[in-house]
Amino acid sequence: MAEFGALSSSFLVAAVGLGVPLALAALGETVSERAGVINIGLEGSVIWGALGGALGALALGPYGGLAAGALAGGLAALVFAAFAVWLNTDQIITGTAVTIGSLGFTGAVFQSRFGATGLALELPTVPAWEVPVLARIPVVGPAFFDQAVTAYLAYLLVPVLGWFLFRTRRGLSLRAVGESPEAANAAGVPVVRTRMLAVVFAGLTAGLAGAHLSLVHTGTFAENMSAGKGFIAIAVVVLGRWNPKGVVAAALFFGGAEALQFALQAVDADLPYPLFLALPYVLSLAALAGWFGRSRAPEGLASAWPRG
Amino acid sequence: MSTRTRALTPALTAAAALLATLAVAAALLALGGYPPGDAFAALFRGAFGTWDRFVSFTLVRATPLLLTGLAVALAFKARVWNIGAEGQLHAGALAAVAVAVALPGAPGFLVIPATLLAAAAAGALWASAPAAMKTGMGVGEVITTLLMNFVALFMAQFLVQGPLRESRGVFNQTDEIPPAAHLPDLVPGTRLHLGFLIGILIAIALWLYLTRTPGGFRLRAVGASPQAAEVSGRFRAQPVVWLAFLASGAIAGLAGGVQVAGVTHRMYEGLSPGWGYTAIAVALLARLNPLAVVVTAIVFGALSAGGGAMQRDAGVPEVWVRGIEALVILAVLTVDRSWQALASRGSRG
Amino acid sequence: MRDALRLRGVTRRFGPVTALDQVDFALAPGEIHGLLGENGAGKTTLARVAAGILQPDAGQVVIGGEPLGARGVGGARALGVAMVHQHFSLVPRFTGLENVALFDSAAWTRRGTGSPGYRERVEARAEELGLEVQLDVQVGGLGVVERQRVEILKALMGETRVLLLDEPTAVLAPQEVEGLFAVLRQVARAGAGIVLVAHKLDEVLAVADRVTVLRRGRWVLTGEAAGVSARELAEAIVGAGVDGGGGGVGGGDAGGPGTVGGGGEDAPKVGAAGAEQAPEPRPGDDVEVARLRAVTVSTGGPIPLRGVSMEVRRGEILGIAGVGGNGQRTLAAVLAGMLPPDSGEVQLPEEVGWIPLDRTEEGLVNEFTISENVALAVHGSDDYRRGPWLDWAGVAETAAALVRDMDVRADSSATQAGVLSGGNQQKVVTGREFLRSGELLVAESPTRGLDVKATVAVRARIAALARSGKRPPGVVLISSDLDEILELSDRIAVMVRGRLIPVPREDHNPTAIGELMLSARGDGDP
């Protein structure tokens, strides 16, 4: 029984740790989709965040790395926004291009800096902070309150975004842009600017998620290490019904699905691990199939809006 | 716009996009400390330097791009955003190997069709899950096809590590398929195989289908406006969407089968360097026209064949090629947008 | 006294088209100013420039003495300009209150939640204006009249100096128009200037103090409403002599002989059902082409059908009046054979022509050519097959004949549908749907959004079709435009809340039908 308790506690720690990058990216994407932009290039922001985090950490230490990662993700999103929002190109194709290009160019930068052999890079990592009292709560305490600063940022974003989206005038305007850009424009809301800002915000949080991968989760960088996290984050937004609370819950659920593979491998090393690697993706699909019928995307999602 | 200029626009778009890509790529290469001239020269030599480079490298690499490019073009024509050609290709490759290995003594005229049909069927099957989710539950296919790609990759990994692992058990790969299942060479003395011809035939067939048949007309109508198709065309859009998904998946699956039967003769992890994604650039640059896909697939085949030479001779990492593919997509979108802006300035009011 | 709104030499171009050409316009505080003109005359563009939604290419917009400059919608709002759009600018999934707040810069404080008392302020303003508004329901679920009230309340929440209304009466029954005008008079009394964009002369003359007419982007006349006759205005609008009876509207460079056909000899010769001497078959030769008996539909549309019975005879036009959204769409889908009813009996010809409400989204594929749009109707027919192939040459021939017979103004049948004017698009749809079936033609608001000339032409085409040859089709004309119903119909019924109420011949007048249109409003289920 005690062993089970320890196991479930370490499982929860892993689940939260793996859920945090999904939550960060998905919370940002929630804002972007509420403004009517679906950014498949989120995956690109995550990988740039991971690389930016790595380079930043080498130059400025782990916290500088986190900031650099967020910035790198934001810049990738700015490229996406320049095309998909400012030039009004197709959001889905543009996002796909940004993802492909990001995976390519991060690889190019990485290889030119560290050589094509890809020698395992050791990065200064971001330490966990234990929250004094809360971390002592049995089982959930260490899982939720003995994490790196990125986790606390994710927790903080939930009420902040909930307040922003549903309780402020700017949030109302942003949601109007996502529901009906025509109506928002007629009400004097600057559609293009709102969408640009929302997309870049999502890029910042996705970049932070990438930096979490390299600076908290692994302590290294590898090409393609984002491994579809950005795509899963988009599915997480759908499952969380475009609502910060729901999104963070869905992200933790997927963190749990990923953690399961480690927990089960600890039990039996012969289990075929690729199947467990596939698990979060299969679960994403199953959850989309099961839940989507009951949730509704913003009506103006992926809608075009020309300038002027 | 006159009819003449309208006919020329797609070609102009493609040419302008390629030029823009070259310019941006050159700037980025220079920024990265590589002399762009040397890099492009190496790339060109690697792709077109000799007859054998062109046929055995450029055209051989163009083959899976041709098939996946056609798959994407067909789907996009029906406004089905199939981003899942990569996964469908893997499903097709696995099915092809499984069938070919299971028929060791069969003659080529039996085993080759069986192999390729199995590949197409597996690709269609892989596409049917997102199709069902889109038509039955209203779940957008962009995310589902993307997620299915990862499932396919991990499934391939699992199979080549376990159930389909080669009998000598050294590497994570399947056994080699029997020689009877190998696709015959197309040009003697080169590595170009029958798959390239299959791709060209499918391109012609798709072009005829889309432009000359009632079914292709319905598919284009659904792509242009599902509401108008239903109200004015009086046919249900849903079966057409299904057809586009399944046919697109089948062609992408065939790409996997052709690659296995024509080039690698076995399945292993990392069979595809991302052809299913490059296919999007191939199809877009071709303006979704199947015949033009033949040309753009060769362009990207050359990029891929030249990428290795660029790394070897100019020291530019091969991953740059992925970046250049992305630049092509963005350039096409931008040039396209500029045309539209010009055209709408002419007709709005 | 300073003008509430003044436009000086305003020019606005869309590509080669000059939508407004050096237009001057002045609006006095407290006046209701009718703005008249054909579609494309520049009325809506003028309103949108004044509201800051569009930037003028030349000229100046001055609001209450202050130039608007390039400050856009926000700037115009701040100066007290509000606009009620024809296609409402509401967010369907927001509640009434959220929609009002979105527009009202004073609504939400930086502190967060809607500032305390805001809701009460909105309610008070609604009461003041005599507008009954549902604030807590998502506006997407409201009827068109309720939505218009939200739109008006939203516009009038702030300090309003100029109120612009774009075709606000188009969606209203006659009795509701009066209610709207009462609100407008009250707003004007409070000192705001009102610009009322409309195309119905009598309505404008009933409420406006002054009127201005635009034609082809140019100012034509401004005058006291009391001092001009409807006939003078109509002449100013179309630019030449007007014959009220729907006869030849000439003049202008789009006109010319044969633009507008009235009688049987002008019947289009589309497809095989050519018209030799039309033998005046009306009012129907009693051959029934369609029949519904107690048809009930509760799925497939937001407004169900409740026990609808009707029959349509050859060569007659059955007019179905009603305020939009009372089940007309569901009825059209049933008649077109696209929607099987839950119960009741349906007898329809094998194929039915359907001119759908939304010609650009449903009637046509804009990026297709005219030929390809014709192919939408014929691509399944054996007449247009050659083995496995679609006979494009045959389709093009038919399309060319349609272009000729329906008098479509296009270079050729290879012209893209999207570049045609609204009237010509509608002629293509009408011709194609007649091609589909010579038995039954369902026309859903076929002239919505068309200008006067195009409206006359399309109506004439429909009338001519119903009188064409020995086997004319039966026509079901569904429209919220009472004038159209009265002008064309042999028999009339009114659609209210999913029921169909026949109107006896002696009640074929706007007042009686208008009363019926509103009669069953608000009653519960049967």
- Item | region C:307-360, subset β-branched (Val, Ile, Thr) and either closer than 19 Å to residue C:297 by Cα or in a loop (DSSP other than H, G, I, E, B) (or both), residue modelled with the lowest pLDDT | C:323
- Item | Pairs where the first residue, in region A:169-190, is more than 20 Å from residue C:70 (Cα to Cα) and the second is at pLDDT 90 or above and among the polar types (S, T, N, Q), C-beta under 7 Å, 6+ apart | A:173/A:194; A:174/A:194; A:177/A:194
- Just checking, how many residues over region C:319-361 are farther than 30 Å from residue C:510 by Cα, more than 13 Å from chain B (Cβ to nearest Cβ) and among the small types (Gly, Ala, Ser)? 2
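Being in a helix (DSSP H, G or I), surrounded by fewer than 24 Cβ atoms within 10 Å (Cβ to Cβ) and within 14 Å of chain C (Cβ to nearest Cβ) is the requirement here; does residue A:163 meet it?
Values: in a helix (DSSP H, G or I): yes; surrounded by fewer than 24 Cβ atoms within 10 Å (Cβ to Cβ): yes; within 14 Å of chain C (Cβ to nearest Cβ): yes.
Yes, satisfied.
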- Message: Suppose the filter is modelled with pLDDT of 90 or more and touching a Leu at 6+ places or on another chain (Cβ under 7 Å); does residue C:204 pass it?
- Response: no
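Select from region C:362-404 the residues that are among the acidic types (Asp, Glu), surrounded by fewer than 16 Cβ atoms within 10 Å (Cβ to Cβ) and free of Cβ contacts under 8 Å to residues at least 12 places away in the same chain and write down the one among them that is nearest to the other protein chains (Cβ to nearest Cβ). Let's see the steps before the verdict.
Looking only at region C:362-404, we keep the residues that are among the acidic types (Asp, Glu), and these are C:362, C:367, C:372, C:382-383, C:391, C:397.
Checking which are surrounded by fewer than 16 Cβ atoms within 10 Å (Cβ to Cβ) leaves us with C:367, C:382-383, C:397.
With the extra rule that they be free of Cβ contacts under 8 Å to residues at least 12 places away in the same chain, the set shrinks to C:382-383, C:397.
On the way: C:382: 11, C:383: 12, C:397: 17 Å.
Filtering first and then ranking leaves C:382.
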- Query: Taking residue A:8 and the conditions (1) assigned to a helix (DSSP H, G or I); (2) modelled with pLDDT under 95; (3) over 24 Å from residue A:239 (Cβ atoms), which numbered condition does it fall short on, given that it satisfies the others?
  - Reply: (3)
- Task: Specify the residue that is nearest to the other protein chains (Cβ to nearest Cβ); the eligible residues are those in region A:96-117 that are more than 22 Å from residue A:73 (Cβ to Cβ) and of a type in the set (Gly, Ala, Ser).
- Result: A:116
- Query: In this structure, is residue A:193 within 14 Å of chain C (Cβ to nearest Cβ), in a helix (DSSP H, G or I), of a type in the set (Lys, Arg) and surrounded by fewer than 24 Cβ atoms within 10 Å (Cβ to Cβ)?
  - Reply: yes
- Message: Quick check on my filter: what residues within region B:293-322 are more than 17 Å from the chain's Cα centre (by Cα), facing another protein chain (nearest Cβ under 9 Å) and under 17 Å from residue B:24 (Cβ atoms)?
- Response: B:316, B:319, B:320
- Report yes if residue B:240 is within 14 Å of chain C (Cβ to nearest Cβ) and either at negative phi or part of a loop (DSSP other than H, G, I, E, B) (or both), otherwise no. yes
- Output the residues belonging to region C:19-56 that are modelled with pLDDT of 85 or more, part of a strand (DSSP E or B) and either buried (at least 22 other Cβ atoms within 10 Å of the Cβ) or within 14 Å of chain B (Cβ to nearest Cβ) (or both). C:20, C:21, C:23, C:25, C:27, C:32, C:33, C:34, C:35, C:36
- Among B:141, B:176, which is charged (D, E, K, R), within 30 Å of residue A:271 (Cα to Cα) and either within 14 Å of chain A (Cβ to nearest Cβ) or in contact (Cβ under 8 Å) with a residue 12 or more places away in the chain (or both)? B:176
- In region C:64-99, what residues are of a type in the set (Val, Ile, Thr) and under 23 Å from residue C:188 (Cα atoms)? C:73, C:81, C:84
- Query: Can you name every residue in region C:353-396 that is of a type in the set (Val, Ile, Thr), within 21 Å of residue C:462 (Cα to Cα) and within 27 Å of the chain's Cα centre (by Cα)?
  - Reply: C:355, C:360, C:370, C:374
- Selected residue (criterion: nearest to the other protein chains (Cβ to nearest Cβ)) from residues of region C:57-85 that are more than 19 Å from residue C:104 (Cα to Cα) and of a type in the set (Gly, Ala, Ser): C:70
- Filtered residues of region C:494-526 (kept if more than 17 Å from residue C:479 (Cα to Cα) and at pLDDT 75 or above): C:504, C:505, C:506, C:507
- Of those in region A:214-243 that are within 11 Å of chain B (Cβ to nearest Cβ) and assigned to a loop (DSSP other than H, G, I, E, B), the residue nearest to the chain's Cα centre (by Cα) is A:228
- Message: Quick check on region B:186-229: of everything there that is outside any helix (DSSP H, G or I) and under 21 Å from residue B:76 (Cβ atoms), which residue is modelled with the lowest pLDDT?
- Response: B:225
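Each row is one residue, and each column tells you yes or no for (1) out of contact with any Ser or Thr (no Cβ under 9 Å at 6 or more places or on another chain); (2) of a type in the set (S, T, N, Q); (3) free of Cβ contacts under 8 Å to residues at least 60 places away in the same chain.
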| residue | (1), (2), (3) |
| --- | --- |
| A:65 | no, no, no |
| A:68 | yes, no, no |
| A:78 | yes, no, no |
| A:89 | no, yes, yes |
| A:96 | yes, yes, yes |
| A:107 | yes, no, no |
| A:113 | yes, no, yes |
- Members of region A:129-148 that are in a strand (DSSP E or B) and touching a residue at least 40 places away in the same chain (Cβ under 8 Å): A:146, A:147
- Do you know which residues across region C:127-176 are in a loop (DSSP other than H, G, I, E, B) and under 30 Å from residue C:3 (Cα atoms)? C:130, C:131, C:156, C:157, C:158, C:159, C:160, C:161, C:167
- Message: For region C:312-366, which positions are out of contact with any Gly (no Cβ under 7 Å at 6 or more places or on another chain), closer than 23 Å to residue C:420 by Cβ and not aliphatic (A, V, I, L, M)?
- Response: C:353, C:354, C:358, C:359, C:360, C:361, C:362, C:363
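Residue-wise test of (1) within 14 Å of chain B (Cβ to nearest Cβ); (2) among the hydroxyl-bearing types (Ser, Thr, Tyr).
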| site | (1), (2) |
| --- | --- |
| A:246 | no, no |
| A:250 | yes, no |
| A:272 | yes, no |
| A:284 | yes, yes |
| A:287 | yes, no |
| A:306 | yes, no |
- Taking region C:177-220 and keeping only residues that are part of a strand (DSSP E or B) and within 21 Å of the chain's Cα centre (by Cα), one is left with C:195, C:196, C:197, C:213, C:214, C:215
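Filter region A:166-190 down to the residues that are among the β-branched types (Val, Ile, Thr) and buried (at least 19 other Cβ atoms within 10 Å of the Cβ), then identify the one that is farthest from the other protein chains (Cβ to nearest Cβ).
First, pick out the residues of region A:166-190 that are among the β-branched types (Val, Ile, Thr): A:168, A:177, A:189.
Filter once more, so that each one left must be buried (at least 19 other Cβ atoms within 10 Å of the Cβ): A:177, A:189.
Numbers: A:177: 9, A:189: 8 Å.
Out of the qualifying residues, it is A:177.
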- Hand me the list of helices (runs of 4 or more DSSP H) wholly inside region B:1-77 holding 3 or more residues that are within 14 Å of chain A (Cβ to nearest Cβ) and either surrounded by fewer than 16 Cβ atoms within 10 Å (Cβ to Cβ) or at pLDDT 95 or above (or both). B:3-31, B:60-77
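The values are calculated or read from the model by the stated rules, or taken from the named source; none is laboratory data. Just so it is clear, the model here is predicted, and its values are computed rather than measured. Every residue, glycine as well, gets a Cβ built from its backbone with ideal geometry; the counts of neighbours run over all protein chains shown.
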